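Chemist: First, the structure itself, so that you have it in front of you.
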Amino acid sequence: MVLLPIKCPVCNGTDVTEHGNTSNGKQRFIGKDQTCEGKTFIQDYSDKGRLPETKHQIIEMTLNGSGIRDTARVLGIGPVTVINELKKRTRSTRSESQFFSNPRA
Ligand SMILES: [Zn+2]
């Protein structure tokens, strides 16, 4: 098991402490640095692209006609993450051309 250091997304400080859970069961943290402007945050906040719900939203938005850049901006992730996820998802389906024929993507 690898424990990644938990960092405050605002000041990048690692002096953080647990601060209850979010409504969807995620561990919430709060920075202990008194000078930091940041409040509570969720550990995987900066790595949204790996969350199952983000992956789900990528597919949903694409099916609803959003381009890759739109999807990335709305979800707060990189376009590469969107493209990689779509490639993964479309590999086993026959709708691949549908995903990549969007001129706005
Ligand atoms: Zn901070």
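The values are calculated or read from the model by the stated rules, or taken from the named source; none is laboratory data. None of the values given here were measured: they were computed from a predicted structure. Cβ atoms come from the backbone with ideal geometry, glycine included; neighbour counts cover every protein chain shown. Keep in mind that these areas ignore ligands, DNA and RNA; they rest on the heavy atoms of the full protein, side chains included. Shrake-Rupley method; radii C 1.70, N 1.55, O 1.52, S 1.80 Å.
Chemist: Residue check: is residue 94 modelled with pLDDT under 85, among the basic types (Lys, Arg) and open to solvent by 60 Å² or more (accessible area, probe 1.4 Å)?
Modeler: For residue 94, the condition - modelled with pLDDT under 85, among the basic types (Lys, Arg) and open to solvent by 60 Å² or more (accessible area, probe 1.4 Å) - is met.
Chemist: Report whether or not residue 28 is within 16 Å of the ligand (Cβ to nearest atom), outside any loop (DSSP other than H, G, I, E, B), under 17 Å from the mean Cα position of the chain (by Cα) and modelled with pLDDT of 80 or more. Give the derivation first.
Modeler: Details: within 16 Å of the ligand (Cβ to nearest atom): yes; outside any loop (DSSP other than H, G, I, E, B): yes; under 17 Å from the mean Cα position of the chain (by Cα): yes; modelled with pLDDT of 80 or more: yes.
Taking the combined requirement at face value, the residue satisfies it.
Chemist: Which of the residues spanning segment 77-91 are surrounded by 15 or more Cβ atoms within 10 Å (Cβ to Cβ), modelled with pLDDT of 85 or more and under 11 Å from residue 59 (Cα atoms)?
Modeler: In the first step, residues of segment 77-91 are kept if they are surrounded by 15 or more Cβ atoms within 10 Å (Cβ to Cβ); the result is 77, 79, 81-83, 85-86, 89-90.
Pick out the ones that are also modelled with pLDDT of 85 or more and you get 77, 79, 81-83, 85-86.
Correct list: 82, 83, 85, 86.
Chemist: What pairs come out if I take residues in segment 79-97 that are among the hydrophobic types (A, V, I, L, M, F, W, C) and pair them with residues that are modelled with pLDDT of 85 or more whose C-beta lies under 7 Å away, six or more apart or interchain?
Modeler: Qualifying pairs under 7 Å: 82/58; 82/68; 82/71; 82/72; 83/68; 86/58; 86/62.
Chemist: Would you be able to say whether some residue in segment 66-74 is in contact with a Pro (Cβ under 7 Å, 6 or more places away or on another chain) and within 16 Å of the ligand (Cβ to nearest atom)?
Modeler: Let us first name the residues in segment 66-74 that are in contact with a Pro (Cβ under 7 Å, 6 or more places away or on another chain), namely 68-69, 72.
From what's left, within 16 Å of the ligand (Cβ to nearest atom): none.
No, segment 66-74 contains no residue that is in contact with a Pro (Cβ under 7 Å, 6 or more places away or on another chain) and within 16 Å of the ligand (Cβ to nearest atom).
So that you can scan it fast, the table gives a plain yes or no per residue for (1) surrounded by 13 or more Cβ atoms within 10 Å (Cβ to Cβ); (2) in a helix (DSSP H, G or I):
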residue: 13; (1), (2): yes, no
residue: 24; (1), (2): no, no
residue: 34; (1), (2): no, no
residue: 37; (1), (2): no, no
residue: 54; (1), (2): yes, yes
residue: 60; (1), (2): no, yes
residue: 65; (1), (2): no, no
residue: 69; (1), (2): no, yes
